[in-house]
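Only one structure is covered here, and it is reproduced in the block below.
Values in this text are rule-based calculations from the coordinates and carry no lab data. Source: prediction; values computed, not measured. All Cβ positions, glycine included, derive from the backbone under ideal geometry; neighbour counts span all protein chains shown.
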Ligand SMILES: CC(C)(COP(=O)(O)OP(=O)(O)OC[C@H]1O[C@@H](n2cnc3c(N)ncnc32)[C@H](O)[C@@H]1OP(=O)(O)O)[C@@H](O)C(=O)NCCC(=O)NCCS
């Protein structure tokens, strides 16, 4: 597994990766269930398209696709969160076709190593919706610990986690 750049060859494949197994599409005809259709905001993560645009307009974010055995399986965005002044693994997603095979766990470990190498940081934060049981299970398995006090606005109900690397 490796982190790869987003390029003119792969950008379209990257933005079509999604965590939406099915999504209800409402339009000019009756709502219908679409399979594997990305949406701007997915259940527990922004679309890769949104993250790529965010990395253009906000300083500090690194974007990479996650490749395994020559296939794109996911996406990540990480770096310095200017607003909260901390290093953050801001986005991590594994396309729904590839979830629950151990890839997310392996990918997060790889991103933490990359952040340590790139920034020399020891403390890394991650946040998610408290209902994201699978995500929280993976974070805690890797050694992330819930933060008591939120770094975010009061109206933001994300749960923050921190890991301190060796
Ligand atoms: C979170 C995410 C990256 C994990 O990727 P993944 O490849 O499925 O992860 P893994 O296969 O390594 O591990 C999944 C773990 O969650 C567990 N799990 C899956 N569904 C679960 C559920 N509903 N409740 C509890 N645990 C669950 C699996 O059993 C597995 O645990 P185990 O390794 O101890 O058996 C992926 O689910 C994802 O992209 N989710 C949507 C985006 C997201 O939530 N990103 C994080 C916030 S930005």
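Overview of values
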quantity: Mean Cα-pair separation over length for region 8-65, i.e. relative contact order, pairs under 8 Å, 6 or more apart, %; calculated: 28
quantity: Virtual spin-label span in nm between residue 134 and residue 86, 7 Å along Cα→Cβ; calculated: 2.5
quantity: Cα gyration tensor category, rounded, prolate or oblate, for region 19-126 with a/c compared to 1.5; calculated: oblate
quantity: Structure-based [θ]222 nm, the chain - -39500 (n - 2.57) summed over DSSP H runs of at least 4, per residue, nearest 500; calculated: -7500 deg cm²/dmol
quantity: Helix axis angle, 48-57 relative to the chain longest principal axis, alpha carbon, degrees; calculated: 50
quantity: Nearest 10 degrees, 0 to 90: helix 133-142 Cα axis against the chain principal axis; calculated: 30
quantity: Proxy reagent accessibility, fewest Cβ within 10 Å first, across 109, 117; calculated: 117, 109
quantity: Relative contact order computed over region 1-140 (Cα-Cα under 8 Å; 6+ residues apart), in percent; calculated: 20
quantity: Nitroxide proxy distance, nm - points 7 Å out along Cα→Cβ at residue 54 and residue 145; calculated: 2.6
quantity: Gain upon complete extension [residue 123, residue 105; 0.36 nm per residue less C-alpha separation]; calculated: 4.7 nm
quantity: Gain on full stretching of the segment that runs from residue 4 to residue 25 - 0.36 nm per residue minus C-alpha separation; calculated: 4.4 nm
quantity: On Cα atoms only, tilt of 103-119 relative to the major axis of the chain in degrees; calculated: 50
